[in-house]
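**Q** Encoded as structure tokens, here's the structure I'll be asking about.
The values are calculated or read from the model by the stated rules, or taken from the named source; none is laboratory data. In this text, all values refer to a predicted model and were calculated from it rather than measured experimentally. Please note: Cβ atoms are built from the backbone with ideal geometry, for glycine as well, and neighbour counts cover all protein chains shown. For accessibility, only protein heavy atoms count, side chains too; no ligands or nucleic acids. Shrake-Rupley method; radii C 1.70, N 1.55, O 1.52, S 1.80 Å.
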Amino acid sequence: MTNVLCLSPLGWSHHVWDLIVDLPSVKDHWTSIEFLETSFPRISKNELYRQLAEKLEMLQSPKIVVASSFGVPVLLDYLKQHPTPLEALILIDGFEDIPDYQQLVALLENQEEIFPTKEAYLQQMLGVDSQVGKAVVQIIGQNLQEDGESFRVKLGNQACIDYLTLYSGFKSQQYLAQVVEQAKHVRLFSSIPLSLPYNSIAPQDHLLMLTKPDDLKQVLMELFDRVRD
């Protein structure tokens, strides 16, 4: 039985959720959607929404959806067009407007895609002096695939631009109130001000499931208790 659907951040594998899905109420009862180069036959809203519809259809009560970063506008746009009753909804950042194509190209076209070692990638992602646990390092490493003697990110620059361009100009906050009405229980985490009640997080906690997994696990446990009452 599947109760929880997690929409991953852009370019991150489903392992980004590893630190929270070990909860007894979630373990073996969750599924995810990744936004990588090989996640869909082609990068289009139709393909994204076909998979999202299939995943939502397979959820059984209590239905809980968690979306982070890029997963937030994807989910909001879908639910705006296809209302879906949910027991609980958790949205983590991803409320900023996405730049247009020209801006995205300027930001991303020269971003490094191939690294000589995993350590080189980790250094770029975390910085030289960053202190993170071994589990987080392993999760970040899941974003890479071997490419000869080097390592290549699983989401290249062009594919990243292709995904983001689908939502250029999309106003996540404009549709937030309409969408949250579809869920009985809602928790919003944001590093920017929202018009609805939300938990303020620091920009460095954009990936809350990695930086403060215990906080997110506590929220999940509370929501499971509420939906079962």
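**Q** Whenever you get a sec, compute what percent of the accessible area on the stretch 110-222 sits on carbon and sulfur atoms (1.4 Å probe).
**A** Here it works out to 48 percent.
**Q** Restrict the search to the stretch 1-70; then list the trypsin sites (Lys or Arg not before Pro) that DSSP places in a loop and that have at most 16 other Cβ atoms within 10 Å of their Cβ.
**A** Passing both the DSSP loop test and the Cβ count: K27, R42.
**Q** What accessible area, in Å² to the nearest ten, does a 1.4 Å probe give for M221?
**A** 80
**Q** Rounded to a whole number of µm²/s, how large is the Stokes-Einstein D of the stretch 1-105 at 25 °C and 0.890 mPa s, given Rh as the Kirkwood radius over C-alpha pairs?
**A** 171
**Q** What's the Cα-based Rg to Rh of the stretch 95-192, Rh via Kirkwood?
**A** So for the stretch 95-192, dividing Rg by the Kirkwood Rh gives 1.06.
**Q** Leaving out ligands, DNA and RNA but keeping every protein chain, what accessible area does E57 have, in Å² rounded to the nearest 10, with a 1.4 Å probe?
**A** 150
**Q** For the stretch 170-229, what does the alpha-carbon gyration tensor say about shape, rounded, prolate or oblate, given a ≥ b ≥ c as the root eigenvalues, a/c under 1.5 as rounded, and a/b over b/c as prolate?
**A** Oblate shape, in that a/c is at least 1.5 and b/c is the bigger or equal ratio.
**Q** A further question on this structure: Mind grabbing the accessible area of I114 for me, 1.4 Å probe, Å², rounded to tens?
**A** The accessible area comes out at roughly 80 Å².
**Q** Report the extension gain between Q103 and Q174 in nm, rounded to one decimal, defined as 0.36 nm multiplied by the number of residues separating them, less their alpha carbon distance.
**A** Computed gain between Q103 and Q174 is 23.4 nm.
**Q** With each label point set 7 Å from Cα along the Cα-Cβ vector, what nm distance links L166 and Q138?
**A** 3.0
**Q** For Y49 and H82, compute 0.36 nm times the residue count separating them, minus their Cα-Cα distance, and round to one decimal in nm.
**A** Length gained between Y49 and H82: 10.9 nm.
**Q** Another question, if that's okay. Under a 1.4 angstrom probe, counting protein chains only, how are C160, C6 ranked by accessible area, largest first?
**A** Accessible-area ranking of C160, C6, largest first: C160, C6.
**Q** DSSP beta bridges in the stretch 98-229, what fraction antiparallel, as a percent rounded to 5?
**A** 65
**Q** For the pairs K45/K118; K55/K118; K55/K134; K134/K217, flag any whose C-alpha to C-alpha distance is greater than 29 Å.
**A** Long pairs (Cα-Cα over 29 Å): K45/K118; K55/K118; K55/K134.
**Q** Could you give the spread of the C-alpha atoms of the stretch 1-49 along their three principal axes, from largest to smallest, in whole angstroms?
**A** Its Cα atoms span 35, 20, 12 Å along the three principal axes.
**Q** Next up: Would you mind telling me the antiparallel percentage of the DSSP bridges in the chain, rounded to 5?
**A** 20
**Q** In deg cm²/dmol, rounded to 500, what helix-only [θ] at 222 nm does the chain give when every DSSP H run of at least 4 residues adds -39500 (n - 2.57) and the total is split over its residues?
**A** The helix contribution divided over the chain gives -11000 deg cm²/dmol.
**Q** Could you estimate the translational diffusion coefficient of the stretch 124-179 from the Stokes-Einstein equation, with Rh from the Kirkwood formula over C-alpha pairs, at 10 °C and 1.306 mPa s, in whole µm²/s?
**A** 109
**Q** May I pose another question? For the chain, what mean projected area does the convex hull of the alpha carbons give, in nm²?
**A** Here the figure is 12.7 nm², rounded to one decimal.
**Q** Compute the accessible area per residue over the chain, keeping the other protein chains in place, probe 1.4 Å, unit Å².
**A** Ligands and nucleic acids excluded, the figure is 49 Å² per residue.
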